[in-house]
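The values are calculated or read from the model by the stated rules, or taken from the named source; none is laboratory data. Here the structure is a predicted model, which means the values were calculated and not measured. Don't worry about glycine lacking a Cβ; one is built from the backbone with ideal geometry, like all the others, and counts go over all protein chains shown.
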Amino acid sequence: MEAPVIDGFRHRGHHHVSRIESFSDTVFAFSLTLLVVSLTVPRTFDELLRTIAGFPAFAVSFALLAQIWYYQHRFFRRYGLTDRTTIALNIALLFVVLFYTYPLKFLFASLLSLMSNTTDVMRPEQTWELFLVYGLGYAAMFFVFVLLYRHALGQKETLELTPREVFQTRFSIAFSVLQIGVAVLSVLIALGFTQVHAYALAGFCGGMIYPVGITLGSIMIRRAYRDGGRGLESTAP
């Protein structure tokens with residue numbers, strides 16, 4: 001059965017769901033379970049309101065972890081690698097995802113608490129520590145993606161990657177490096193500003209990731225055309 005081509009990339013891992021992917025899905029499912037607003041059914045209306053109040057933090061955290069899952073899923077669909085290096089890197093990614101879950105939930109929960117002035121969940125001087133934990137976890141995940149894509153690029157002859165697929169792989173590496181840069185910038189901002197300003201500026205940095213990513217893609221595409229690399233249409237990282 002011929003591998004399908006999606007977004008200009010041949011999906012070499014489409015034939016079956018590997019044990020690596022099955023294990024990964026289990027870990028992601030467990031991580032998402034840890035994000036649940038409440039593990040118990042509210043017994044009073046006040047408890048229900050408190051549960052609902054935590055839903056925005058849950059939704060944002062869920063979306064971010066779902067994004068990481070999608071990046072990991074797309075990697076295995078595109079390259080279909082199951083060698084020892086890929087397994088080791090994927091295990092490292094899953095380890096960081098599990099570690100990252102509670103800091104992620106706490107960050108957005110504390111942000112909502114700060115905005116509503118309902119309670120003091122941490123001291124102002126602890127802000128940079130929270131962003132340090134969050135930033136290091138976020139950067140670590142995308143550092144693993146950098147290593148995964150570099151490994152796939154090193155297997156380009158074995159995988160028979162086309163010029164466009166090589167370009168997309170390099171773009172994914174560049175985009176992951178950009179994500180790491182945003183995480184580091186968020187930590188630096190938290191070190192230099194007060195609690196409220198740190199949240200606002202760090203959130204602004206996170207919101208700029210996709211506009212900057214699109215700009216990065218445009219630059220790489222123009223360079224590819226300038227070097228004679230035809231057929232390298234724009235694509236998502």
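The figures follow:
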quantity: Residue check, E125 assigned to a helix (DSSP H, G or I), at pLDDT below 90, closer than 24 Å to I189 by Cβ and among the charged types (D, E, K, R); calculated: yes
quantity: Complete set of residues in region 86-97 that are surrounded by fewer than 18 Cβ atoms within 10 Å (Cβ to Cβ) and not β-branched (V, I, T); calculated: A88, A92, F95
quantity: Residue, farthest from S186 (Cα to Cα), within region 65-104, restricted to residues that are hydrophobic (A, V, I, L, M, F, W, C) and touching a Gly at 6+ places or on another chain (Cβ under 7 Å); calculated: F76
quantity: Residue tally, condition of a type in the set (S, T, Y) and under 16 Å from I87 (Cβ atoms), over region 1-34; calculated: 4
quantity: Residue match in region 7-14 (condition: free of Cβ contacts under 8 Å to residues at least 60 places away in the same chain and either over 27 Å from A183 (Cα atoms) or not hydrophobic (A, V, I, L, M, F, W, C) (or both)); calculated: no
quantity: Some residue of region 82-90 being touching a His at 6+ places or on another chain (Cβ under 9 Å), among the hydroxyl-bearing types (S, T, Y) and in contact (Cβ under 8 Å) with a residue 60 or more places away in the chain; calculated: yes
quantity: Hits in region 44-65 - residues which are without any contact (Cβ under 8 Å) to a residue 24 or more places away in the chain and under 18 Å from A139 (Cα atoms); calculated: A63
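The rows are residues; the columns are (1) of a type in the set (S, T, Y); (2) under 21 Å from V146 (Cβ atoms); (3) modelled with pLDDT of 95 or more.
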{"residue": "Y70", "(1), (2), (3)": "yes, yes, no"}
{"residue": "R77", "(1), (2), (3)": "no, yes, no"}
{"residue": "L98", "(1), (2), (3)": "no, yes, no"}
{"residue": "F108", "(1), (2), (3)": "no, no, no"}
{"residue": "T118", "(1), (2), (3)": "yes, no, no"}
